[in-house]
Amino acid sequence: MKPRSAAMVCVVALLSGGCGGPKVPLKVGSKNVSVNVSFGKRSEQPGPQGAPAPVQVLPLEGGVVFAPTQPGEQAPPRPTPIRRANDPVPPSGRCTTSPFAVPEKEATPFVDAPPANATYEFRVAGSIQSDDGLADYPDVVRRTVSSRRNSDGTNSFTVVESGFGQSITSEYLTDANQIGLVRITIRKTKTTRTIGPLRPPVMVLPLPPQSTDPTGRAITTWTSAGTDVTGGSVQVDGRSERTAADKRIDTCGSVLDSWAAVTSMRIVGPGLDVTSSTRTNFATQYGGLIVSERVKTSGTFGGSYQTEYAATINSVPQ
């Protein structure tokens, strides 16, 4: 034992009667002493006297903020983000997928076959603001997929989603170069608009999603546009991503691998002008299905509206 350490042990032992020597009675006294302790950088100006300023707790999306106010001073205005539905609860309960779960199939750089015909449930959170007011999305929506192989070796599939008294039908084409949007139909109670067939199909994900140019530089962005005979048009500016956080999709029990695409899309047609910002995940190993997306849209269609929502598939595709 080092001398310094031995001395320290003996000091402690003396307080408990150890280390030999005469037994000296230990008396302990106390006195109130004002102590000012400061952590961090010392303020140059003394703080205000009296009681501390009241604090208001403002709820925010993702947490809270503590807003101190002085007497007579109003708290800062509370932010008003777009209203959300309650946390979505899929039919099988809340997601409890293990963080160590691995996908059964890895996302492929190409689409080899059309997706299976099936109806899938998506857990959803979000809201829509229109001339009719503000409404929350339901916790679960269903998307019906139907597909076919084409004689030229390409694949086509259609996705139909209904809700809020309207339905959206999207038709896609997959070939050696892309997943492309061919047609989109929006039906409301009294109005129907179809944009398409688009020529050429509008690329929503290039295949492969990431490639290199002749100099070896990575290519992850693209621009695509198509029009129809009525003058309707769709334009997309996109960027593909493949980081671990972007590609892993939790299906409430299993995980899916995917390619992520961040896009800005504008759809224009008779009585229709809509702009969307999206983050979309495509499961290329399952025919190119969209398995998760976050969408923020605003524009006009039978009146002005804006919507913001997130949707994620609740099961591994067939």
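None of the figures in this text is laboratory data; all of them are computed from the coordinates on show. For clarity, every value in this text was computed on a predicted model and none was experimentally measured. As a convention, Cβ positions derive from the backbone with ideal geometry for all residues, glycine included, and neighbour counts pool all protein chains shown.
Some observations on this one:
- Square roots of 5 times each gyration tensor eigenvalue, C-alpha, the stretch 188-318, largest first, Å: 27, 21, 13
- Net length gained if the chain between SER233 and GLN306 were fully extended (0.36 nm per residue, minus Cα distance): 24.3 nm
- On full extension, the segment bounded by GLU161 and ALA118 gains 14.2 nm, given 0.36 nm per residue less the C-alpha separation.
- P(r) tail fraction, the stretch 177-227 - alpha-carbon pairs more than 13 Å apart, %: 65 percent
- Fully extending the segment from ASP246 to ASP213 would add 9.5 nm, taking 0.36 nm per residue of separation and subtracting the current Cα-Cα distance.
- Here ARG149 and GLU106 are evaluated by their C-beta separation; at R0 = 22 Å the FRET efficiency comes out at 0.40.
- Given in Å, the Rg to one decimal and the Dmax to the nearest whole number for the Cα atoms of the stretch 94-210 are 17.0, 49.
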